[in-house]
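Q: Would you mind keeping the following structure in view while I ask a few things?
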Amino acid sequence: MTTPRDIRFESCDLATLRAGLPSQLYFDPAAYATELQAIWIRQWLYVCRSHALAQPGDFRVFRIGSQSILLVRDTDATLRAFHNTCVHRGSILCEEDSGQLPGKRIVCPYHRWTYALSGELISVPFLETGGSEKGIALYRVALREWGGNVFINLAGAAEAGLEASAEPGLDVLAHWPLADLRVAHTYENRLGCNWKIFWENFVECYHCPGTHPGLCRLVPLYQQSFTALTDRLATAGFAQGVAPGIESWTTDGKAHGPIFPDLTAEERDIGYTFLTLLPTMFIVAHRDYVRQVSIVPLGPEQTLVRTEWLFSEAALKDPDFNPRPAVDFVTNLLQEDARVCELNQRGQHAIPHQQGRLVPQEDEVFRFHEWYRTLMNCGN
């Protein structure tokens, strides 16, 4: 029988800790430009919920780096994605972020070349084309739907499926009716930090005792500075899951939507299940709601973070439904994270600070760095 031991205070030689990424990679414009090409242009990226494009003619524009992507719902209910660029002379097609296309047509604002929602060119002003427009179409972008979420990939023929970016795997959320959930609230925040700093912060809980005291009261495990539910933690005698009497991650610890009926006893007892989809989003599933956090880099030191709270359609139709306890609890966590992420970003510029060092509790950060180094094809 394994004797429980407190692994918080294992002996650790600070002189031999694993090195983090070079600090320059968190603010250098050249490194950021390389990341866009090596990572963000080649991976599956979250855009929105499928329900955000519910009706034929609904559109949304997604921007990453210099690229602008137009997503539309076709008249046959198919979702399509194109580069937001007219094939005539390259004008942007849609300037607005989202809306309904007039006449269910895509019309270039420059010379009025007109496209069907399928992307096919159907009209060219002041020219008798004799049908020669057939076969001319907007530049297509790979699109994938999963769990009611819409993803795109700009790599042309995507090198790997969405499953390849999922940790631990898409099926970890099989017992949540993700595709049927509706957005009850959305919160956007523009952070003054590199996207990697936000990602690193999310995958480790070494910072939790000092940064998230409210969260640590709900999840005692986090008081030990660990995130992952591992056999190692179990043999150390640490309780897994939320504290006794806690139903959900809310300000009062209570569930404020119907408990998802297909969850296993273990999933209900633990109270939270994580899924990450590198590099684009984190999903945290609770007993009564699901939280989705997606990121888009805006520059070497700017990141857009969007959080969506998903509840059942039955919850949203209930006149007594109130998502504020869930919204307020998570928003407070996000604001706490924003503060430390921005402090971390500012400190990267110190001349003598060449790179960080990772303690054992930051193993997921190390794994993220290995993923990053592989895609960037660098050994630093």
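Q: Filter the stretch 121-174 down to residues that are assigned to a loop (DSSP other than H, G, I, E, B), more than 26 Å from ASN84 (Cβ to Cβ), aliphatic (A, V, I, L, M) and in contact (Cβ under 8 Å) with a residue 60 or more places away in the chain, then give me how many there are.
A: So in the stretch 121-174, the residues assigned to a loop (DSSP other than H, G, I, E, B) come out as 124-136, 138-139, 141, 147-148, 154-161, 168-169, 174.
If we keep only those that are more than 26 Å from ASN84 (Cβ to Cβ) as well, we get 128, 130-131, 168-169, 174.
Filter once more, keeping what is aliphatic (A, V, I, L, M): 174.
Adding the requirement that they be in contact (Cβ under 8 Å) with a residue 60 or more places away in the chain leaves none.
Of the residues in that region, 0 qualify.
Q: If I ask for residues that are basic (Lys, Arg) and either over 23 Å from GLY241 (Cβ atoms) or touching a strand residue (DSSP E or B) at 6+ places or on another chain (Cβ under 6 Å) (or both), which ones from the stretch 277-323 would you list?
A: Keep residues of the stretch 277-323 that are basic (Lys, Arg), which gives 287, 291, 306, 317.
Of everything in the stretch 277-323, those that are basic (Lys, Arg) and either over 23 Å from GLY241 (Cβ atoms) or touching a strand residue (DSSP E or B) at 6+ places or on another chain (Cβ under 6 Å) (or both) turn out to be ARG291, ARG306, LYS317.
Q: Could you check the stretch 304-323 and list, in sequence order, the residues that are exposed (fewer than 15 other Cβ atoms within 10 Å of the Cβ) and among the charged types (D, E, K, R)?
A: Result: GLU313, LYS317, ASP318, ASP320.
Q: Right, another one. May I ask you to list the residues in the stretch 84-101 that are part of a strand (DSSP E or B) and more than 21 Å from the chain's Cα centre (by Cα)? Even if it seems obvious, please write down each step before you answer.
A: Taking the stretch 84-101 first, the residues part of a strand (DSSP E or B) are 85, 92, 98-100.
If the condition is that a residue be part of a strand (DSSP E or B) and more than 21 Å from the chain's Cα centre (by Cα), then THR85, ILE92, GLY99, GLN100 are the ones that fit.
Q: For the stretch 14-62: of the residues being β-branched (Val, Ile, Thr) and more than 21 Å from PHE366 (Cα to Cα), which is nearest to the chain's Cα centre (by Cα)? Even if it seems obvious, please write down each step before you answer.
A: So in the stretch 14-62, the residues β-branched (Val, Ile, Thr) come out as 16, 34, 39, 41, 47, 61.
Filter once more, so that each one left must be more than 21 Å from PHE366 (Cα to Cα): 41, 47, 61.
On the way: ILE41: 15, VAL47: 9, VAL61: 17 Å.
So the residue we want is VAL47.
Q: Having 1 or more residues that are farther than 19 Å from PHE274 by Cα and touching a His at 6+ places or on another chain (Cβ under 6 Å) is the bar; report the helices (runs of 4 or more DSSP H) wholly within the stretch 313-380 that clear it. Quick ask: steps written out before the conclusion?
A: Working: elements: 313-317, 324-347, 363-376.
In the stretch 313-380, 324-347 are the helices (runs of 4 or more DSSP H) which contain 1 or more residues that are farther than 19 Å from PHE274 by Cα and touching a His at 6+ places or on another chain (Cβ under 6 Å).
Q: Is it fair to say THR303 is touching a residue at least 12 places away in the same chain (Cβ under 8 Å), touching an Asp or Glu at 6+ places or on another chain (Cβ under 7 Å), of a type in the set (Ser, Thr, Tyr) and in a strand (DSSP E or B)? Spell out the reasoning first.
A: Details: touching a residue at least 12 places away in the same chain (Cβ under 8 Å): yes; touching an Asp or Glu at 6+ places or on another chain (Cβ under 7 Å): no; of a type in the set (Ser, Thr, Tyr): yes; in a strand (DSSP E or B): yes.
No; evaluated as a whole, the condition is false for this residue.
Q: Tell me, yes or no, whether the stretch 194-209 has at least one residue that is in contact with a helix residue (DSSP H, G or I) (Cβ under 9 Å, 6 or more places away or on another chain), without any contact (Cβ under 8 Å) to a residue 24 or more places away in the chain and assigned to a helix (DSSP H, G or I).
A: yes
Q: Say whether the condition of being modelled with pLDDT under 95 and closer than 18 Å to GLY57 by Cβ is met by at least one residue in the stretch 127-138.
A: no
Q: Mind listing whichever residues of the stretch 184-193 are in contact with a helix residue (DSSP H, G or I) (Cβ under 9 Å, 6 or more places away or on another chain) and part of a strand (DSSP E or B)? Walk me through how you get there before you give the answer.
A: Step one: filter the stretch 184-193 for residues in contact with a helix residue (DSSP H, G or I) (Cβ under 9 Å, 6 or more places away or on another chain), giving 184-185, 187, 189, 191-193.
Hits for the stretch 184-193 are ALA184, HIS185, TYR187, ASN189, LEU191.
Q: Of everything in the stretch 149-185 that's more than 30 Å from THR331 (Cβ to Cβ) and more than 17 Å from the chain's Cα centre (by Cα), which residue is surrounded by the fewest Cβ atoms within 10 Å (Cβ to Cβ)? First the steps, then the outcome.
A: As a first pass, look at the stretch 149-185 and keep what is more than 30 Å from THR331 (Cβ to Cβ): 153-161, 163-164.
Right, trim to more than 17 Å from the chain's Cα centre (by Cα) and you get 155-160.
Values: ALA155: 14, GLY156: 12, ALA157: 6, ALA158: 19, GLU159: 10, ALA160: 12.
Of everything passing the filter in the stretch 149-185, ALA157 is surrounded by the fewest Cβ atoms within 10 Å (Cβ to Cβ).
Q: What number of residues within the stretch 12-25 satisfy the criterion of being in contact with a helix residue (DSSP H, G or I) (Cβ under 6 Å, 6 or more places away or on another chain) and not in a strand (DSSP E or B)? Let's see the steps before the verdict.
A: Keep residues of the stretch 12-25 that are in contact with a helix residue (DSSP H, G or I) (Cβ under 6 Å, 6 or more places away or on another chain), which gives 18, 21, 25.
Filter once more, keeping what is not in a strand (DSSP E or B): 25.
Final tally of qualifying residues: 1.
The values are calculated or read from the model by the stated rules, or taken from the named source; none is laboratory data. Not measured: the values here are computed from a predicted model. For neighbour counting, all protein chains shown are included, and Cβ atoms are generated from backbone atoms with ideal geometry for every residue, glycine included.
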